Amino acid sequence: MAVHLVTNPTAGAGRARKRLDAVHRRIAERDVVVPVEVERADEVGPTLRRLARAGALERVVCAGGDGMVHLCAQGLADTGVPVGIVPVGTGNDIARALGLPGALDAAVDAALGEPVAIDLIDHDGTYGVSVLTAGFSGDVNARANGLSFPRGQQRYTVATLLELGRLTPRALLLDVDGEQHQLEVSMLAVGNTAFFGGGMKICPEADPTDGVLDVVAVDAVGPARLARFLPTVFSGRHVARPEVTVLRGRSVTITAVPPIDAWADGEFVGPITSTLTAAPRALAVASARPDGGSQA
Ligand SMILES: [Mg+2]
């Protein structure tokens, strides 16, 4: 089998590069490795889409963080080409939600395993794999992406603390499968899978195989209350709190004036201007466990 290997073109040198070389070697023990050559990350989706259309892809392995998986999904949605995920990024929320191993060798082996089809979030042909966020959580995402320090999951914690002081609630209208909800939110998440922000279980009940999106809206609460609220998101217990509204549906329309900016899989996707829909079983992910495995 030929495996097309996608890595972050800006991964640079040092430890990150060594890990990617180790991934390459491990795959090469079993299969022919074809590195996908791109100069910029935003070329990943179009390149994979072109190769898939030409029938040139048997399997893609994405060694990177949630952002790289997001880019691969843009190219592979509805193609049937399986993608394996080797989570070597900052958050790794997609791998976490799908019960994929984090240790390098185990992750590579899983990335070459049997594919399981999961849903995606479709926003006018742009796809989200895990969670689309807007409001406060979107601000945190933007802030975290702009930080070069600290590394890893702590970056989100720092970004959260920095953004708490700048909290602006937004009034919006949610239409979920034709039912309307007028809300004022500090945080909105539309989840296909459970986790965002490096291990926060924002949509704890999300099932990426049930054909519906999980909407979690947090009321406008002051910074002090939100600071008490945030720790409960790591366990998923926040959904039992009175300031949280949970909705489920196949289609979600968010109306806000001006349109609300959103991030999907930690990547900026711009203002939400059309309906979000569940794209059933649109992406085949190697060794995915839609229930998240035992750790979720
Ligand atoms: Mg679902």
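Restricting the range 225-296 to chymotrypsin sites (Phe, Trp or Tyr not before Pro) that sit in a DSSP loop and have at most 15 other Cβ atoms within 10 Å of their own Cβ leaves 234. Between the beta carbons of residue 78 and residue 162, assuming R0 = 35 Å, the FRET efficiency works out to 0.35 to the nearest 0.05. The length gained by stretching the chain between residue 175 and residue 255 to full extension, at 0.36 nm per residue less their Cα-Cα distance, is 28.0 nm. Modelled this way, with points 7 Å down the Cα-to-C-beta line, the labels at residue 28 and residue 225 are 5.8 nm from one another.
Loop-located trypsin sites (Lys or Arg not before Pro) in the range 160-240 (DSSP state other than H, G, I, E, B) with a sparse environment of at most 16 neighbouring Cβ atoms within 10 Å: 166. Using the Cβ-Cβ distance between residue 37 and residue 281 with R0 set to 25 Å, the FRET efficiency works out to roughly 0.25. Relative to its residue count, the chain spans a Cα convex hull of 117 Å³ per residue. Under 1.5 on a/c is rounded, so check that first for the range 224-296, then, if it is not, pick prolate when a/b is larger than b/c and oblate when it is not; a ≥ b ≥ c are the square roots of the alpha carbon gyration tensor eigenvalues. Note, shape of the range 224-296 comes out oblate.
Taking only the alpha carbons of the range 171-296, we obtain Rg and Dmax values of 14.5, 42 Å in that order. Using R₀ = 30 Å, calculate the FRET efficiency as 1/(1 + (r/R₀)^6) where r is the Cβ-Cβ separation of residue 18 and residue 117; round to 0.05. The value I calculate is 0.35. Where in the range 36-57 is the amide nitrogen less than 20 Å from a point lying 7 Å along the Cα-to-Cβ axis of residue 10? Under cut-off, by backbone N: 36-48. At the residue level, residue 148 shows approximately 100 square angstrom of accessible surface with a 1.4 angstrom probe and all protein chains present.
Taking square-rooted eigenvalues a ≥ b ≥ c of the alpha carbon gyration tensor, is the range 2-113 rounded, prolate or oblate, where a/c under 1.5 means rounded and, failing that, a/b exceeding b/c means prolate? Rounded, because the longest to shortest axis ratio a/c is under 1.5.
The values are calculated or read from the model by the stated rules, or taken from the named source; none is laboratory data. What you are looking at is a predicted structure, and each value in this text was computed from that prediction instead of being measured. No Cβ is skipped: glycine too gets one built from the backbone with ideal geometry, and neighbour counts run over all protein chains shown. These area figures cover heavy atoms from the full protein model, side chains too; ligands, DNA and RNA do not enter into them. Shrake-Rupley method; radii C 1.70, N 1.55, O 1.52, S 1.80 Å.
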